[in-house]
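Just so it is clear, none of the values below were taken in a lab; they were calculated from the coordinates. Everything quoted here is computed from the prediction, not taken from an experiment. A quick note on method: Cβ atoms are made from the backbone with ideal geometry, for glycine too, and the neighbour counts reach across all protein chains shown.
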Amino acid sequence: MIWELVAEQAAVHGSGMSAGDACAAAVAGVQVTGAWLSAGSTGDGGHLMRATDGVSQRLAELQLTLGEGPSLDAFASGGPALASDLADREPGLRWPAFAPAACEAGAAAVFAFPLAIGAIRAGTLGLYRDRPGPLAGRQLGDALLFADTATLLLLNAQANGSSVADSDRQPADFPGHRAEIDQATGMLTEQLGVSITDAFARLRAYAYANDLRLTDVAGDIVARRLRLNPGPGPSPDSTRELRG
Amino acid sequence: MDGQLLSETFVELTDTMVADFDVIDFLHLLTDRSARLLDVSAVGLLLADARGELRVVAASSEAARLLELLQLEGDQGPCLDCFRFGQPVTSADFSADERWPQFAVAARRAGFAAVQALPMRLRDQVIGALNLFREAPGGFDPEDVRVGQALADVATIGLLHERSIRRSDALNEQLQSALNSRVVIEQAKGKLAERLGLDMSEAFIVLRDHSRSHNRRLSDVARAFVEGTETIPAPRPGADRF
């Protein structure tokens, strides 16, 4: 359902789906006033890729300027940073400069989500409302699903040159929910001598190039029936070893 | 039952207001102690993800057979029923139980014959479920079930402590962050298993021992190791760790 909403957004501009489309679709999908998405794998807030309105853009800029705020916390903790009422005492203590400035800018509630799969970090998704109030249980779940979708699209875009980069198809199994995929990704950092983000790109590229399910490839790697070789691309011939 | 360990455990499970409190370490304490105190073969814990799924967060052993079974419980089985209805669910013998055919096959393959699922619940809020497994068929000792539920209750109250109850934002932040930390731990297990030539469950023990001996949170150590800023040495040869 989420994936279709994002695809609808992409249809508006007519090119492939992007993380920005997931950000835009989240506004109606989660019933918030606006949304913004920052990309980057370091803790400085990354660069703003999309903001659906002026307030969203201001909220992203404020955090960069002030060096504090929900997006930075979400990035650091790997979990959401939720402030149902920015005028409340708790957000004021947590973000003494950001909370009043965000209220001034027109936000009453801010919800930030990491675009992350374990230690793989691609950016953050921010949502705001012009009225205070928590996300309902269902809305929190949907916000997390939009963040998952944005994460995959962002990682796709970063894996430039590989075959997954232009794939708009919905993944059958989301990493992070299947332990073998996460374990296999960790194993590949050693086998290939690359970062966890690149290891995940190589894992997906291999599954895509060989038309295999991610879970199956991961299962083979964890069972040590399959190793991938260091090298630039996901060529099946050069990487398939120890099979069977 | 070890009375002294039991009272120590209750004290530790109520100690959630400390500054460096970590949900993952806390839930590992719950599963480890439940396995030691109760007459059971294994213990696993699933937490509710706001996305609407149950996800494995901690277990008394990281044996693949146990983790796979727990993962399956997110789709079908006593744990899911326990979570949905907020009530304990038990099966004294899978071979005579037709409620969860797929789960029963997987559980038998993993070597288990009986399960007891206990809700982690406070009033109308169910945040997950604790699963006790036995290798031998037959009912669970009623005292074990009572103590298991008491441990689950104390842990739940600890997690939903006063500050969190007032602010549902804080609880959601904490639980979702713990679920992501669990993913980091899986990634770290994989990296360590490959580096040291271990299986996943051995890799977990090395990771856990390293974090304990350095008095650090398991999830922090796992993240630093995956990011390459932390070195974890191989256990000394001959050390009886596994």
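Using the Kyte-Doolittle scale, find the helices of chain A whose mean hydropathy is at least 0.0 and whose Cα atoms extend 30 Å or more along the helix's long axis, counting only whole DSSP H runs.
Working: long enough: A:137-158 (32 Å, 0.56).
Membrane-span-like by this rule: A:137-158.
Beyond 24 Å, what percent of the Cα pairs of chain B remain?
Values: 13257 of 29161 pairs.
The proportion of pairs with Cα distances above 24 Å equals 45 percent.
Listed highest first by mean packing, meaning other Cβ atoms within 10 Å per residue, what order do B:52-62, B:205-215 come in?
On the way: B:52-62: 21.5, B:205-215: 15.7.
Packing proxy ranking, top to bottom: B:52-62, B:205-215.
Give me A:Thr215, A:Thr65, A:Thr42, B:Thr9 sorted ascending by neighbouring Cβ count inside 10 Å, so fewest comes first. Kindly include the intermediate steps, with their values, before the conclusion.
Working: A:Thr215 16, A:Thr65 13, A:Thr42 8, B:Thr9 23.
With the sparsest Cβ surroundings first, the list reads A:Thr42, A:Thr65, A:Thr215, B:Thr9.
Relative to the compact globular guide of 2.2 N^0.38 Å, what is the alpha carbon radius of gyration of the stretch A:186-233, as a ratio?
Its radius of gyration relative to the 2.2 N^0.38 Å reference: 1.01.
Which whole number gives the average, over all residues in B:219-226, of C-beta atoms from other chains lying within 10 Å of the residue C-beta?
On the way: counts 2, 0, 0, 3, 5, 1, 2, 10.
The per-residue average across the peptide is 3.
Mind computing the radius of gyration and Dmax over the alpha-carbon atoms of the stretch A:40-170? Å is fine for both.
14.9, 49
As a footprinting exposure proxy, order A:Thr52, B:Thr90, B:Thr231, B:Thr14 by other Cβ within 10 Å, with the fewest listed first. Mind dumping the intermediate values first?
Numbers: A:Thr52 21, B:Thr90 16, B:Thr231 8, B:Thr14 13.
If I rank by nearby Cβ atoms, fewest first, I get B:Thr231, B:Thr14, B:Thr90, A:Thr52.
Mind listing the Cα extents of the stretch B:179-227 along all three principal axes, in Å, largest one first?
The Cα atoms of the stretch B:179-227 stretch 24, 23, 17 Å along the principal axes, largest first.
Once you have all Cα-Cα distances for the protein assembly as shown, histogram them in 20 Å bins from zero and send the whole-percent values.
Per 20 Å bin, starting at 0, the Cα pair percentages come out as 24, 56, 20, 0.
Would you mind giving the mean number of other chain beta-carbons within 10 Å of the Cβ of each residue in A:141-148, as a whole number? Don't skip to the end; give the middle numbers.
Details: counts 6, 3, 2, 7, 3, 0, 1, 1.
Neighbouring Cβ atoms belonging to other protein chains average 3 per residue here.
In whole Å, largest first, what are the principal axis extents of the Cα atoms in the stretch B:7-53?
Here the Cα extents, ordered largest to smallest, are 34, 31, 12 Å.
Would you work out the relative contact order for chain B, in percent, from Cα pairs under 8 angstrom that are 6 or more residues apart? Numbers along the way, then the final one.
Numbers: 365 pairs, mean separation 45.8, N = 242.
This gives 19 percent for chain B.
Below 8 Å between Cα atoms, with a sequence gap of 6+, how large is the relative contact order for the stretch A:1-151 in percent? Show your work: numbers first, answer last.
Numbers: 307 pairs, mean separation 39.6, N = 151.
About 26 percent, as a whole number.
Per 10 Å bin, what percent of the C-alpha pairs of chain A does each bin hold, from zero upward?
8, 32, 31, 19, 9, 2, 0
When a footprinting reagent is the concern and you count Cβ atoms within 10 Å, what order do A:Thr124, A:Thr189 take, fewest first?
Final ranking by Cβ density, sparse to dense: A:Thr189, A:Thr124.
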